[in-house]
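Here the structure is laid out as structure tokens; the discussion comes afterwards.
The values are calculated or read from the model by the stated rules, or taken from the named source; none is laboratory data. Just so we're clear, the structure is a prediction, and the values are computed from it rather than from any experiment. Here Cβ is always computed from backbone atoms with ideal geometry, including for glycine, and neighbour counts include all displayed protein chains. All accessible areas refer to the heavy atoms of the entire protein, side chains included, with ligands and DNA or RNA removed. Shrake-Rupley method; radii C 1.70, N 1.55, O 1.52, S 1.80 Å.
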Amino acid sequence: MVGGDMLSRSFAALCLPLVLCSCSSSGGSVASNPGPLVDNTQWFPSNKGEEFFGPPPDDSACELTPIDCEEYFPWPEGECVQFGPNPSCVAAYVPECLDSFTVLAVYTRMRDDRVPLCNWLTLEQPSLRAIRAGDRVEVRARHSQLTAPVPGEAHIAFVIGDEQVLDYSVTIPTDFEFPDVVWAAPKDYPGGTPLLFHVDNHGQNEYMLIEVNVLPEARE
Amino acid sequence: MPMRLIALSTILGLLLIACGESSTPGFSETAGAGGNAGGGGSGEFTTTLSHTYEPQMLERAEETSDVCQSWVLGNEEPLYVRKVRQTNEGGWHHSNWFFVPEATYRPNEQLEGPDAQLEGTWRCSDRGFSEYIAAAAGGVFFAQSTQALDELQAFPDGAALEIPPRSVIVGSTHLLNITAGPLETAMTMEVEAVPAEEVQIRLTPFSFFIDDLAIPPAVDGVPTRSRTSMMCDLTESFQELLGKDEVDYNIYYVLGHYHQWGSAFNLSFVQEDGSVQTVFDIKNKIGEPIGSIIDPPMNNRGAPRLRSECGFINNTDETLRRGFQYGEMCDFLAYTDSNLKIGASGVNNQAMGVDEDGIAVFETDCGPVIGFPAYPDER
């Protein structure tokens, strides 16, 4: 009996770490690696995501070349842009310094002959790290007060691979808001998985992607 | 003269009417067409006065407005301010600071309780704070650029802003917490003041506001671009108030002001022959233009007229008039060495057609130019 008990304890001692390991990665073979999933200086325009956002409307437009930005553009490689107090620079998207963050700022301006309205924009980059099944990923965004078009609807979305993890819509006009989500990955996504950030139907406003992080495991 | 004082006070006040969180009067380092960033004077900073405002607490994803903070200077004599520097611990989206007499924003015991102090943190609405009243009662002191963690405002050597005795610095603050957790953050403000005998130039304000705005609406959903201007001849003011036949002054600081449909601002000297010299120019800037020091200061080179103009992009179905939250403005404040305080309004709006870029052009007449000598001993 004693021998059986010992055997049983030894078996348990052997198995418990395996069980814990299995729990911590929820079926994945590699431990989770919390940290940033995106680098906001690395976004580039993309035509992907139609299955999530639908096709761009016929009147969609976005001037992707920065205008009157000689002082700032090209953006410094891998760094955020710190605009002065009265910048003339107009850019549909820019990695902007905000406090200690580098945010992806999406600016829009109303239509004129030099500054076309940007009302449909999808940006892409490969993920910085792998996501394991069961990992929690937090997406944090913001929009400023939205004033136009009225009536209208603004849409912010974030896609990881084949999953739209943030799908935020709001009727215009509206006050500022911080759309965010914590998404639990149902499966593994390798590093380099395409990520999409999408904004549409916006007026003369400001949207931003603040950060996207794989969160550390929640402690009991 | 009393009528003039009242009228000017009103005009100065109207110029800077608060517009909720959207107006940003004050100073900053970047100049417009007139010059370089305002690091005027030597590069050193000698702290004469310093104050750290109470920390503000923000929850995650919280954005605050209607929070005012005050600093009682307790000065028995005028202060001559050459430089102001702010540093903060993050989350300060922007803030606008004014100097006002101590009596302007006393605690409201009914709303704030018996322990409220003149100095501290309070809800702006509890004390009836508006930038309109603050600018009229004292003047603009400092404007923090959007989300700037540290910032210096400096006038050129010899020039200073005079802060009257027993003044209070009051700021309306707009904070925005983009961190993933709560945020506790404070601003520290340092002031470099100089003795009166070191001040050669006491700066005085000019302000124009276009009262008769009529910004055309969008057509079939397409936003309409327009611009509206006013221009005033200052010859009479210099003759009558200073006894000078020539209009001669320098501009040290300019703040243009419009709201969310504004996209551009221009301030220019206009000569007798119609030639134009730009003092300050903002373009492609939707909402919240920020003031700038003009360094080196810009001389009018004898130009008798001063012209201000705003560009607008109206995406609404309505003609926009002068107004606060749902209206527009086209105002400016400039600090000069003219020894004159001047205020004027644009009236009698006239459509002038469309320019070569397809922009609808409107001009207003200069209403009565109201002014008085700022320092009679300096004529």
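Considering the range B:61-75, the residues that are out of contact with any Ser or Thr (no Cβ under 7 Å at 6 or more places or on another chain) and within 26 Å of B:His174 (Cβ to Cβ) include one that is farthest from the other protein chains (Cβ to nearest Cβ), namely B:Val72.
Given the condition at positive phi, modelled with pLDDT under 95 and surrounded by 20 or more Cβ atoms within 10 Å (Cβ to Cβ), answer yes or no: does some residue in the range B:339-353 qualify? Looking through the range B:339-353, at least one residue is at positive phi, modelled with pLDDT under 95 and surrounded by 20 or more Cβ atoms within 10 Å (Cβ to Cβ). Has the range B:153-172 got at least one residue that is touching a residue at least 12 places away in the same chain (Cβ under 8 Å) and within 12 Å of chain A (Cβ to nearest Cβ)? Yes, some residue in the range B:153-172 is touching a residue at least 12 places away in the same chain (Cβ under 8 Å) and within 12 Å of chain A (Cβ to nearest Cβ).
Restricting attention to the range B:182-216, the residues that are closer than 30 Å to A:Asp99 by Cβ and not small (Gly, Ala, Ser) add up to 10. A count restricted to the range B:314-324 and to residues that are open to solvent by 10 Å² or more (accessible area, probe 1.4 Å) and modelled with pLDDT under 95 stands at 7.
Scanning the range B:144-177 for residues that are open to solvent by 10 Å² or more (accessible area, probe 1.4 Å) and β-branched (Val, Ile, Thr) yields a single hit, B:Thr146. Looking at B:Gly327, B:Gly302, just one residue is in contact with a Leu (Cβ under 9 Å, 6 or more places away or on another chain) and open to solvent by less than 60 Å² (accessible area, probe 1.4 Å), and that residue is B:Gly327. When B:Glu54 is tested against the conditions (1) in a loop (DSSP other than H, G, I, E, B); (2) within 14 Å of chain A (Cβ to nearest Cβ), the lone failure is (2). The C-beta contact set for the range A:141-154 (first residue more than 25 Å from B:Arg60 (Cβ to Cβ), second residue open to solvent by less than 20 Å² (accessible area, probe 1.4 Å) and of a type outside the set (S, T, N, Q), distance under 6 angstrom, 6+ apart or interchain) comprises A:Thr147/A:Gly203; A:Ala148/A:Gly203; A:Pro149/A:Gly203; A:Val150/A:Ile172; A:Gly152/A:Ile172. Name the residues in the range B:295-336 that are over 28 Å from B:Thr204 (Cα atoms) and outside any loop (DSSP other than H, G, I, E, B), would you? If the condition is that a residue be over 28 Å from B:Thr204 (Cα atoms) and outside any loop (DSSP other than H, G, I, E, B), then B:Phe312, B:Ile313, B:Asn314, B:Leu320 are the ones that fit.
Every listed requirement among (1) away from chain A (no Cβ under 14 Å); (2) buried (at least 17 other Cβ atoms within 10 Å of the Cβ); (3) more than 17 Å from the chain's Cα centre (by Cα) is met by B:Ile251 save one, (3).
Here B:Pro78 meets the list (1) modelled with pLDDT of 90 or more; (2) within 14 Å of chain A (Cβ to nearest Cβ); (3) more than 30 Å from B:Thr185 (Cα to Cα) almost entirely, failing just condition (2). Looking only at residues of the range A:122-170 that are part of a loop (DSSP other than H, G, I, E, B) and touching a Leu at 6+ places or on another chain (Cβ under 7 Å), we find that the one that is least open to solvent (accessible area, probe 1.4 Å) is A:Ser127. Selection of the range B:34-61 for residues being open to solvent by less than 60 Å² (accessible area, probe 1.4 Å) and modelled with pLDDT under 95 yields B:Gly34, B:Gly35, B:Ala37, B:Gly38, B:Gly39, B:Gly40, B:Gly41, B:Phe45, B:Ala61.
Within the range B:62-74, restricting attention to residues that are small (Gly, Ala, Ser) and within 23 Å of B:Asn177 (Cα to Cα), the residue that is modelled with the highest pLDDT is B:Ser70. Pairing each residue of the range B:44-60 that is within 14 Å of B:Thr87 (Cα to Cα) with any residue that is of a type in the set (D, E, K, R) and assigned to a loop (DSSP other than H, G, I, E, B), provided the two are 6+ apart or on different chains, yields C-beta distances under 9 Å for B:His51/B:Glu119; B:Pro55/B:Glu89. Which of the residues that make up the range A:103-130 are modelled with pLDDT of 95 or more and either within 9 Å of another protein chain (Cβ to nearest Cβ) or more than 16 Å from A:Asp200 (Cα to Cα) (or both)? Answer for the range A:103-130, where residues must be modelled with pLDDT of 95 or more and either within 9 Å of another protein chain (Cβ to nearest Cβ) or more than 16 Å from A:Asp200 (Cα to Cα) (or both): A:Val103, A:Gln125, A:Pro126, A:Ser127, A:Leu128, A:Arg129, A:Ala130. Quick one: would you say B:Leu183 is open to solvent by 10 Å² or more (accessible area, probe 1.4 Å), among the hydrophobic types (A, V, I, L, M, F, W, C) and more than 23 Å from the chain's Cα centre (by Cα)? In short, yes. Considering the range A:174-220, and only residues there that are hydroxyl-bearing (Ser, Thr, Tyr) and within 14 Å of chain B (Cβ to nearest Cβ), the residue that is surrounded by the most Cβ atoms within 10 Å (Cβ to Cβ) turns out to be A:Tyr207.
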